[in-house]
Amino acid sequence: MNFRKKYSKMTVLMAMLHGVIIGIAAVAVVGTVLVFSSGKEDETASMQKEIPKADDSAGHVETPTSGPPPVDSENPAESIRLFAKQHGVFSTAESASAFVAEDPTLSKAAVIQAEGQYFVWSAVGLTEDEIEVSEYEGTFRKPFVADTSACTATGAGKLKAALAETDISQIKNLASSIGEGDEDKKIAAFKEHLLAVTAFSTDLRIVRLQLLSHYSHTDNCAKIKF
């Protein structure tokens with residue numbers, strides 16, 4: 001018996017067409033998957049390239065520097081390392097003064113001008129340990145160097161010695177060592193200022209602050225450097 005089945009030309013043609021359609025669909029699916037995967041990789045790579053690293057300088061908030069700053073190399077003999085208790089920094093003297101006026105706890109604070117800015121300080125110490133700071137107050141230690149080399153011309157040649165004292169009585173003795181009848185009015189004015197500032201406060205941190213405030217602003221001989 002002959003079991004070979006006969007198919008019409010139309011049936012064969014339809015079978016071939018069906019196979020072609022299936023093949024095209026399979027290729028399309030594979031192509032879509034590849035394109036999608038490639039697109040994801042490109043997108044990820046693009047994002048990695050376009051997202052910049054955070055710029056530490058943007059919106060920078062000043063933080064304390066660990067350790068004391070170096071002594072001024074230009075005038076090491078007349079420079080002294082110090083630490084301030086800083087409450088804020090402002091671009092104008094008016095805004096700094098307004099900040100001080102609004103806070104009763106800053107009655108003995110001073111506005112210090114340095115490097116084109118105005119700093120609100122409430123204490124100055126010889127070491128970091130002398131300056132107490134807190135997050136609640138929003139304060140921190142500000143290390144700096146005071147160059148007093150130009151103060152000799154203003155009669156305050158012993159300003160560095162006064163800033164370096166660790167006993168309030170020694171500053172008073174320093175003032176007393178300046179003769180009563182000293183003909184140099186500038187030196188006499190320095191003595192008067194030493195006596196006035198030690199009468200204003202017996203806290204050496206306040207005394208140093210007020211001396212720096214006067215001689216970096218009024219007489220403009222002490223230079224504050226960071």
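Work out how far the C-alpha atoms of region 136-226 reach from end to end along every principal axis, then list the three figures in whole Å, largest first.
Rounded to whole Å, the extents work out to 49, 26, 18 Å.
How would SER107, SER216, SER95 line up by accessible area, probe 1.4 Å, largest first?
Values: SER107 95, SER216 15, SER95 45 Å².
Largest accessible area first, the residues go SER107, SER95, SER216.
Using 0.36 nm per residue, how much length does the chain from ALA101 to GLU115 gain when fully extended, once their Cα-Cα distance is taken away?
On the way: separation 14, 0.36 × 14 = 5.04 nm, distance 2.30 nm.
2.7 nm is the gain from fully extending ALA101 to GLU115.
Amide H neighbours of ALA123 under 5 Å, at least 5 residues apart or on other chains, H built in the peptide plane: list them.
Residues meeting the amide H criterion: LYS85.
So what J values fall out for region 190-207 if you push phi through Karplus, 6.51 cos²θ - 1.76 cosθ + 1.60 with θ = phi - 60°, rounded to Hz, Gly and Pro as x?
Residue by residue, region 190-207 yields 5, 4, 4, 6, 4, 5, 5, 6, 6, 7, 5, 7, 9, 7, 4, 5, 6, 4 Hz.
With the cut-off at 1.5 for a/c, could you classify region 165-204 from its C-alpha gyration tensor as rounded, prolate or oblate? Show your work: numbers first, answer last.
Numbers: a/c = 3.04, a/b = 1.90, b/c = 1.60.
Because a/c hits 1.5 or more and a/b exceeds b/c, region 165-204 counts as prolate.
The values are calculated or read from the model by the stated rules, or taken from the named source; none is laboratory data. Since the model is a prediction, treat every value here as computed from it, not as a measurement. Quick note on the areas: whole protein, heavy atoms, side chains included, nothing else; ligands and nucleic acids left out. Shrake-Rupley method; radii C 1.70, N 1.55, O 1.52, S 1.80 Å.
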